[in-house]
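*Asks:* One structure is given below, represented as structure tokens, and several questions about it will come after.
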Amino acid sequence: MILWNSYEKQEEDTLEKEKIIVLDFGGQYNQLVARRVRECNVYCEIYSYRTDIEKIKEMNPKGIILTGGPNSCYEADSPTYSKELFELGIPVLGLCYGAQLMQHVLGGKVEKAPVREYGKTETFIDGAKDTLFAGVEDSTVVWMSHFDYISKPAPGFDIIAHTVDCPVAAAANEEKKLYAIQFHPEVLHTVRGKEILFNFVRNICQTEGSWRMDSFVENAIAEVREKVGDGKVLLALSGGVDSSVLAALLAKAIGKQLTCVFVDHGLLRKNEGDEVEGVFGKGGAFDINFVRVNAQERYYAKLKGVTEPEAKRKLIGEEFIRVFEEEAKKIGAVDFLAQGTIYPDVVESGLGGESAVIKSHHNVGGLPDYVDFKEIIEPLRNLFKDEVRKAGLELGLPEYLVYRQPFPGPGLGIRIIGEVTAEKVRIVQDADYIYREEVDKAAAEYKKEHGVEAPWMPNQYFAALTNMRSVGVMGDERTYDYAVAVRAVRTIDFMTAEAAEIPFEVLQTVMSRVINEVRGVNRVFYDLTSKPPGTIEFE
Ligand code: XMP
């Protein structure tokens, strides 16, 4: 076995030298594959299977991973790749569809399996015990999900694993460093999945493994400096995690050459505008040009009488561009417009790999061209959310900012059902603040007591204002006030979600605090709806 640490240290830029490429064939776990590679401290990027072979050669990766996908590789119009990919002398690991495709292209046989395997499956290791399967027991549990199978490996390949129903659970041509595995090592249910990927990435691909988040930050700073030179950069800072991390990164890289425009549209969470100004404004941690535009009144005027959710979204988005454009005009021409695009945005907007789901609200691709700039820069484009957070901490941003939960661009505008008014914004801000405070407090207590995170800890939780008013009684008085809805969901990908089981006593405390402390509210509802059929937000 080749030991990674027996290799001479590479002096040059290891980020460039040590790239693994994931070719995306449309599988559902593709982001996970990339992430597992980075957990081996090797930099990794995902490209569509349509990527030209010449581009791959140019990138000179240390290894290539072919992902799973929903098709059958023997059908005429299924995603495929030319045989040349396997003749570059670069190690290739095919996973599920990628494994079948490798075998198919190189002359093996893939057909519909008599028995479809799905879920945890016992697998018997028959070979590659010093290479791909080093450290894996002879019998191990893996995650399977396939309806086709490799019935005969390609010439030059040996069977290195099988299951009861699958004669070729893995095959290898060790000489050429080509590996095909039917199961998914990237999924945690594959007990030795991490080891198998580590063996490929570090040992078989002979990488040094020196990629770290601090290397990312250092490299990104150096790259930005080189690209920007003495040019001017403009950034629309929303106060969310991505644009804040980007602002911090650019601040470190180019200081006063950066201007951040922060538009307070009056639809932010309580105190958020001041918090953003505290970090990035005068007297804050960074020496940049920071412009806060207090556009609250302007937004409320625009939103007057608008009740339809999409109309609100559109209006808030357009108004943002208009405000931003006015500020940009004052600043004058800039060389670069920076955007906090991160990897999931690229994928969700259909610009990245194949597993694309289009979401219109992601602002990838730039602002309209009435801002005078020459080029867009997106230094966070290849990072996952948790990596962006790590980079943020590395750059010295406060934890409360780095761990902020997702917050939609149109802000509280879509958490107020019906017309938005300053009064309603006040109500929802105050109720939301109390709700988050109580949930955070209960979660911290649980963690302190049990040493682990609460099983009900939501991934997103907020208050919204329904458009419903009802009769109540407070003291001796009849009230006719609004109902606040509180929502908390547990989700992995935000595509599906379930209501979190927030303890009843926490909800009761929230209810009484909101009704007592927030004027204009006399009822509190807890939203139990999953997604689907609901969405996470209310509008
Ligand atoms: P939904 O409501 O679609 O939310 O289930 C999924 C995730 O997306 C966020 N979201 C938005 N983000 N502009 C945004 O920037 C929007 O219009 C928008 N709508 C929903 C939502 O907060 C959740 O995290």
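*Asks:* Give me the 1.4 Å probe accessible area per residue for the chain, excluding ligands and nucleic acids, in Å².
*Replies:* Per-residue accessible area for the chain comes out at 45 Å².
*Asks:* Oh, and also: Roughly what % of Cα-Cα distances in the chain sit above 47 Å, to the whole percent?
*Replies:* So the pairs more than 47 Å apart make up 22 percent of the total in the chain.
*Asks:* Once you keep just the Cα pairs under 8 angstrom separated by 6 or more residues, what percentage relative contact order results for the chain?
*Replies:* RCO, the chain: 11 percent.
*Asks:* Next up: Sort the range 213-405 into rounded, prolate or oblate with this rule: let a ≥ b ≥ c be the square roots of the eigenvalues of the Cα gyration tensor; rounded if a/c is under 1.5, and if a/c is not under 1.5, prolate when a/b is larger than b/c, oblate otherwise.
*Replies:* Note, shape of the range 213-405 comes out rounded.
*Asks:* For the range 520-539 and the range 392-438, what is the separation of their Cα centres, given in Å?
*Replies:* If we compute the Cα centre of each part, the gap is 16 Å.
*Asks:* Percent of accessible area on the chain owned by carbon and sulfur, 1.4 Å probe?
*Replies:* 50 percent
*Asks:* Next up: Taking only C-alpha pairs under 8 Å that are 6+ residues apart, what is the relative contact order of the range 421-527 in percent?
*Replies:* Computed value for the range 421-527: 30 percent relative contact order.
*Asks:* Between SER72 and ASN459, what is 0.36 nm times their sequence separation minus the Cα-Cα distance? Round to one decimal in nm.
*Replies:* Computed gain between SER72 and ASN459 is 135.8 nm.
*Asks:* Let's test the formula: R0 of 35 Å, r as the Cβ-Cβ distance of GLU175 and MET59. What FRET efficiency results, to the nearest 0.05?
*Replies:* Efficiency at R0 = 35 Å is approximately 0.90.
*Asks:* May I ask you to derive the FRET efficiency for TYR403 and ARG426 from their Cβ-Cβ distance with R0 = 25 Å, giving the value to the nearest 0.05?
*Replies:* With a Förster radius of 25 Å, E is 0.45.
*Asks:* Could you tell me the calculated FRET efficiency between GLN508 and ARG298, based on Cβ-Cβ distance and R0 = 35 angstrom, to the nearest 0.05?
*Replies:* The formula returns an efficiency of 0.35 here.
*Asks:* When only DSSP loop residues count, what chymotrypsin sites (Phe, Trp or Tyr not before Pro) in the range 150-192 have their Cβ near at most 16 other Cβ atoms within 10 Å?
*Replies:* Listed in order of number, the matching sites amount to none.
*Asks:* What number do you get for the range 59-183 when its Cα radius of gyration is normalised by 2.2 N^0.38 Å, N = residues?
*Replies:* Output field value: 0.98.
*Asks:* Given the Cα-Cα distance of ALA311 and THR51 and 0.36 nm per residue of separation, how much length would full extension add, in nm?
*Replies:* 89.8 nm
*Asks:* Which number do you get for Rg(Cα) / (2.2 N^0.38 Å) in the range 421-527?
*Replies:* Compactness ratio reported: 1.14.
*Asks:* Hey, another quick one. Expressed as an acute angle from 0 to 90° and rounded to the nearest 10, what is the orientation of the C-alpha long axis of helix 385-394 relative to the principal long axis of the chain?
*Replies:* 70 degrees
*Asks:* Give, in nm to one decimal, the length gained when the segment between LYS83 and ARG469 is fully stretched (0.36 nm per residue of separation minus the Cα-Cα distance).
*Replies:* Between LYS83 and ARG469, full extension yields an extra 132.3 nm.
*Asks:* Using the crude model of +1 on Lys and Arg Cβ and -1 on Asp and Glu Cβ, and no other charge, please compute the dipole size for the chain relative to its Cα centre, in debye to 20.
*Replies:* Dipole size: approximately 760 debye.
The values are calculated or read from the model by the stated rules, or taken from the named source; none is laboratory data. Fair warning: this is a prediction, and the values are worked out from it, not measured in the lab. So basically every Cβ, Gly included, is an ideal-geometry build from the backbone, and we count neighbours across all protein chains shown. SASA here: full protein model, heavy atoms, side chains in, ligands and nucleic acids out. Shrake-Rupley method; radii C 1.70, N 1.55, O 1.52, S 1.80 Å.
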